[in-house]
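This report concerns only the one structure given below.
Since every read-out is calculated from the coordinates, none of them should be taken as a lab result. Just so it is clear, the model here is predicted, and its values are computed rather than measured. Reconstructed Cβ throughout: ideal geometry from the backbone, glycine too, with neighbour counts over all protein chains shown.
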Amino acid sequence: MQKNKDNSMFKASWTYNEAPESTDHIQIKKKYDLYIDGKFSKPIKGKYFDTLNPSTNEKIASVAEATSEDVDAAVQAAKKAFESWSKLTGKERGKYIFRIARLIQERAREFAVIESLDGGKPIRESRDIDIPLAANHFFYYAGWADKLAYAFPNRNPKPIGVVGQIIPWNFPLLMAAWKLAPALATGNTVVLKPAETTSLTALKLAEIIHESGIPKGVVNIVTGAGETGAAIVNHPDVGKIAFTGSTNVGKYIQKATAGTHKKLTLELGGKGANIIFEDAAIDQAVEGIINAIFFNQGHVCCAGSRLFVQESVADIVIDKLKNRMETLIIGNPLDKNTDIGAINSKKQLQTIENYIKIGLNEGGEIYQPDCNLPKNGNWCAPTLFINVSQSHRIVQEEIFGPVLTIQTFRTINEVVEKANNTPYGLSAGVWTQNGAKMFHLTQKLNAGVIWGNTFNKFDATSPFGGTKESGFGREGGLHGLKPYVKFD
Ligand code: NAP
Ligand code: MG
């Protein structure tokens, strides 16, 4: 599944041996029910859907489809549990959250394998990034549970009640952790819905949440598609909605909650600018470009999907980037050598392929390394487009795949204007050895998260979120507590 062209200046001669992670001892059930009121129960209408392995499109398991009746049962369980959960001391609540964090660590391998099987991401990423970050998130917010008075001095923070949480398929367990940990630490109860294509790690999480002994009804996990999410959004007893997903669905949810008592946070799409100045450490920057756009197949809301290179170094950066792309290994997500795994679904692959066609029709010049993609499953070669401009759709719209557009610039003002010229405002990256330039840029760029000489770095202690059509509200850090409390 790897490819080789021997003209790469970075590549030593090496042999590629497949080393897939074993799936022995990984417990995956044939059929998954809903986790409501501390029990796994069948959906009221009895419907199930298939979850597939995107690297083969073979079925892994059946997953329950929750209808509005099931969502209502989950909300009622959460409402009842809120009465006592919200009265527990922060220290007591924290104990359960610490326990969940420890259980994730203990089962880390199992979580990593299931995440890669169900979602298509390379095992190296799920093992080294997603799962440890998810555990850290629970540890971090467990620590806040008994310190809320210090987080909001003299303000007497109180939990909101039942919180509805809806998450996407790109970081399934991690997004569940980002949602659940702060909600529980602040004393809320939860109904959470994972994305249809990646429910399995959320359901594994339901198993360990159960094992943690947390009181029944505090966490309810309901699976299903968009309609299940809409039933959560529209339920009158839900006091807050936390949504991560596309800008289109975010807009729908904002309309649906307008004029109601519901609080709302939206973490939506992005089209991040990654800016390379001529004085940057070029080799590190090239690695940064690769990580910014090819991490998780580019299924990353904050991906650096628009590259801006200062004109004087554009040729060398693009050459080095192409050479580096030749060395990327695309294939079995369970293989520890894999750099780029499977596209999450057939539907997402069609979206990406459609954008590649649009890019070509718009006159963009495409580059893809010479690679043999596996026959079955959903695959997309890492892709560059040069000769593109601000008006091109592939420069303006979120593709959510391994596709990078490259533009050049001469001056700081020019790149600021180009970088900010998008409806989104989630992330940006700046590569320069000049500290003053770095600070200047971070003031001028309109994005919620800006990385300096790195990209796609996440930490439970730092807030994450967008501006403009990338949404509002922050997750992570002290800021991440605020959306889950109200004040007298
Ligand atoms: P999506 O289609 O908006 O779906 C997100 C979640 O919402 C899924 O659980 C989905 O269910 C559910 N949903 C769909 N229609 C709904 C409705 N009418 N009411 C309530 N819920 C509904 O997005 P996606 O394709 O899964 O994820 C990719 C998007 O998420 C990208 O745009 C990406 O940028 C964004 N994202 C943002 C962040 C961030 O922090 N800003 C992080 C990750 C991803 P089903 O999938 O089961 O249909
Ligand atoms: Mg799947």
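Observations, loosely collected:
- Residue list for segment 255-283, filter: farther than 30 Å from Gln310 by Cβ and either touching a Phe, Trp or Tyr at 6+ places or on another chain (Cβ under 6 Å) or free of Cβ contacts under 8 Å to residues at least 40 places away in the same chain (or both): Lys255, Ala256, Thr257, Ala258, Gly259, Thr260, His261, Lys262, Leu266
- Restricting attention to segment 341-365 and to residues that are outside any loop (DSSP other than H, G, I, E, B) and in contact with a helix residue (DSSP H, G or I) (Cβ under 6 Å, 6 or more places away or on another chain), the residue that is nearest to Glu196 (Cα to Cα) turns out to be Tyr355.
- Any hit, segment 424-437, residues being part of a helix (DSSP H, G or I) and either closer than 24 Å to Val300 by Cα or of a type in the set (Gly, Ala, Ser) (or both): yes
- Summed over segment 466-483, the residues that are touching a helix residue (DSSP H, G or I) at 6+ places or on another chain (Cβ under 8 Å) and within 16 Å of ligand 1 (Cβ to nearest atom) give a count of 9.
- Checked against (1) away from ligand 2 (no atom under 16 Å from the Cβ); (2) without any contact (Cβ under 8 Å) to a residue 60 or more places away in the chain, Trp178 passes all but condition (2).
- Contacts under 6 angstrom Cβ, first residue in segment 100-118 being among the polar types (S, T, N, Q), partner assigned to a helix (DSSP H, G or I) and within 16 Å of ligand 1 (Cβ to nearest atom), 6 or more apart: Ser116/Ser126
- Evaluating Ala185 against the criteria (1) away from ligand 2 (no atom under 16 Å from the Cβ); (2) under 27 Å from Ala342 (Cβ atoms) leaves one unmet condition, (2).
- Sole residue being aromatic (Phe, Trp, Tyr), over 22 Å from the mean Cα position of the chain (by Cα), assigned to a helix (DSSP H, G or I) and surrounded by 23 or more Cβ atoms within 10 Å (Cβ to Cβ), chosen from Phe82, Phe98: Phe82
- Across segment 196-213, the qualifying residues are those that are in contact (Cβ under 8 Å) with a residue 40 or more places away in the chain and within 15 Å of the chain's Cα centre (by Cα), and the one among them that is nearest to ligand 1 (Cβ to nearest atom) is Glu196.
- So Ser391, is it free of Cβ contacts under 8 Å to residues at least 24 places away in the same chain and under 20 Å from Asn296 (Cβ atoms): no
- Ala256 meets all of the listed conditions (1) crowded, with 24+ Cβ neighbours inside 10 Å; (2) more than 16 Å from ligand 2 (Cβ to nearest atom); (3) farther than 23 Å from Glu83 by Cβ but one, namely (1).
- Scanning segment 112-136 for residues that are among the small types (Gly, Ala, Ser) and away from ligand 2 (no atom under 16 Å from the Cβ) yields a total of 2.
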